[in-house]
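What follows draws every value from the coordinates through simple rules; no lab data is involved. Note that this is a predicted model, so its numbers are computed, not measured. Positions of Cβ are backbone-derived with ideal geometry, glycine not excepted, and every protein chain shown enters the neighbour counts.
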Amino acid sequence: MTQPSVQSSRSSVHSSGLALAALLLLSLALRLPAYFIPHVENDEQIYQTLADKVARDPLDYSLRGTELLDHLPREIYDTPLYERPPLFVFVLAAFRGVLGEAWGILVPVLAGTLTLLATYAVARELYGSELALRSAAIASLCPLLLFCSVRILIDASLVLLVTTTVWLCLVATRKRSTGLFAATGVVLGLTLLTKETGLLVAPVCLFALFREGPRREKARFLVPLALGALATAAPWYLHVYSVLGTFVVWRSSISPEYMERFPFIREIALRPWHFYASNLALCAPVYVLGWIEGLDQARRKLVSTELVWGAAFLLPLTWLGMRGGGYQTRYLLPAVPAFAILAARALQGRGRWLWFAALVFLALGLLTGIMNSLMSKPADLMPLHELVRAR
């Protein structure tokens, strides 16, 4: 009786592996057309310009001395150091240096595809391979993830590192491994070297560590976790402090003068009150399904790792946006894997018709993402490179 059971289990694992591989290849193929579209959105131009500069001089991480700076607000960008941490720019410079400038797009493309693998790994650690595969499939349909992984932006790299941090922490907790907690700290440090908001994953790690079992015994693992993160990220932030006199460059609000000069900035700073819910529902349907599961958990007085993860990013960044600190939907991308897992749990055990309706809903969102990411490109109405060329 045992042998057929083992064979059935192996067959199931093999089938899940093939399905996951097919999902990753399909998602990669969907993103590869990004090579053929122009990457001229403002932030894309900034990151490519910075990559060109650090390729020539790794210590020259600023926009000073570039034509691009003439078309940006100097009170923000005319600084000895660019305002965001440097990891993404240096990886972008490495890819462009080895493969050619046009292939820098591979950085977000690969990050977006690997995020699906990382989502699968987290969900499998929590709930097993069947729900993990469904979670990865739901994440693959997210238009927000597609958009950020076909543009030269930091967000796809950030979500990959956030998801990998959560996965490593879960594995380290299960194995009670000091070395794995140190590795978790290193990846957390890399997350902080990508964007400061990566720090929001730290509460998720703490919850994953202490959610069950003897807490006093587990507290000792905080030391390698913290040391790994500090050893990786602290040198950069100390350098920022030595140059700028502050550890983090962060604007809690946007000045009226800045909004007057740049109408687009006014739009992202002065959102209507309903935008923070309605826009997510329209642009990324995975959030709606995730909210359903989150509300159900709240009703049952349950708290899951993925619920803490989603809330850790959704709540503070929404609050910052509502206070006028600037908000774009892509800032919430690190929460997408968590909401994909929540959505998979919401649909678990449901009938085929509900699954079909959910997939149609998600597929429509993906179609919107394809239209906006690879075709119409509405954000490119005033590309900075055209202004530079016209000088």
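Some values worked out for this structure:
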| read-out | value |
| --- | --- |
| Between 0 and 90°, nearest 10: helix 305-322 axis offset from the chain longest Cα axis | 30 degrees |
| Rounded tilt (10° steps) of 352-370 against the dominant C-alpha axis of the chain | 20 degrees |
| Spin-label model distance (nm) - residue 212 vs residue 177, 7 Å beyond Cα toward Cβ | 2.0 nm |
| Helix 42-56 vs. the chain, principal-axis angle (Cα, 0 to 90°, nearest 10) | 80 degrees |
| The chain: radius of gyration and largest Cα-Cα distance (Dmax), Å | 21.4, 78 |
| From phi via Karplus (6.51, -1.76, 1.60), per-residue ³J(HN,Hα) for the range 218-233 in Hz, x at Gly/Pro | 7, 4, 5, 6, 5, 5, x, 4, 5, 5, x, 5, 5, 4, 7, 9 |
| Karplus (6.51, -1.76, 1.60) ³J(HN,Hα), θ = phi - 60°, over the range 199-206, in Hz, Gly and Pro reported as x | 4, 5, 7, 4, x, 5, 4, 5 |
| Linear extension gain, residue 98 paired with residue 300, 0.36 nm per residue minus alpha-carbon span | 67.4 nm |
| Residue-averaged 222 nm ellipticity for the chain, from DSSP H runs of 4+ at -39500 (n - 2.57), nearest 500 | -22000 deg cm²/dmol |
| Packing rank of 309-318, 71-80, 34-43, 335-344, where each peptide gets the mean count of other beta carbons within 10 Å, highest leading | 335-344, 309-318, 34-43, 71-80 |
| Net charge of Cβ neighbours under 11 Å - reference residue 166; Lys, Arg +1; Asp, Glu -1 | -2 |
| Estimated FRET transfer efficiency when R0 is 22 angstrom, pair residue 281-residue 36 (beta carbons, to 0.05) | 0.10 |
| Per DSSP, loop chymotrypsin sites (Phe, Trp or Tyr not before Pro) in the range 79-143 with at most 12 further Cβ within 10 Å | none |
| The chain, relative contact order in percent, only Cα pairs under 8 angstrom and at least six apart counted | 21 percent |
